1. Which distance in nm do the two modelled labels at V116 and V28 give, with both placed 7 Å along the Cα-to-Cβ direction?
2. Grab the beta carbon distance between T81 and M47, set R0 = 41 Å, and tell me the FRET efficiency rounded to 0.05.
3. Counting other Cβ atoms within 10 Å, keep those with at most 16, restrict to DSSP loop, and tell me which trypsin sites (Lys or Arg not before Pro) in region 1-67 are left.
4. Rg and Dmax in Å for region 1-137, alpha carbons only: what are they?
Amino acid sequence: MLKLDQNLKYRQLPKHLQEHLTFVPTDVTKQVIAVFTFILLDLVIAMPLLFPFVKTVLFVTIPVITVINIWAILLLLKDSTQTKFESLLYLGFLGAVGSFSYFVLILKMNFYALNVQSPILISISIIVYLVYVILLIYLREKNTSLSRNILKSKFNNLNIIKWAAPTGYILTQIMVNQTPQIMNSYMVVMYSFIMFFFTNMGIKFLHRYLFMRNNPHLVTFSTFESGRKGTKVRFGKVNRDVKN
């Protein structure tokens, strides 16, 4: 994890590093937590996890999903301005739990719905998943270089809200007249995209949390959101905004 020079100022940093030092805006924090937890994780994954009933699948997924839901409820009951670091950490762990849960669901559907029961294919799936996670971690770490931003992606975690509904509608219309086997194949593809989303989100926010903790001299707490004027606090030091 890159530790920056104590003499560096926030304004001297390239934009990709400034992003690594940015909190989730407090005026949307609770909405993000609620949508990603109770809809994208709980609502979407509940039925396919429960039916058909597979004891092992539930044993490895339900405990972590339950813990992340309890944490979400506790965060929603708190003042968002007081939980900026905790919200970053939560979104990181939510991404990890979502990624793991959807990966287990994909293995379950491949095994029970698509009859892909070859140990070799299952082993390859696990290896590919682990390589993907390690690659994302490596790229995210490289992205904290002062000289170059190599992880330039137009994909925004919040964009899933924009394309999830129309994509789901289109897939539903396609699947209406298809056989169960083809329907299950479509569902595996859709769950794979959600798994990739959660994986990216988990690594992004966990890395941001650790990066900010490692460079506290560059972290700015702000009492205003969405462009409203206010006071910036940098670990105990108060600086008034300069009006344009």
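1. Label at V116, label at V28, 3.4 nm between them.
2. Using R0 = 41 Å, I get an efficiency of 0.65.
3. The qualifying sites are K3, K9.
4. 18.8, 59
Each value in this text was obtained by applying a stated rule to the coordinates, not by laboratory testing. Quantities reported herein were computed from a predicted structural model and do not represent experimental measurements. Positions of Cβ are backbone-derived with ideal geometry, glycine not excepted, and every protein chain shown enters the neighbour counts.
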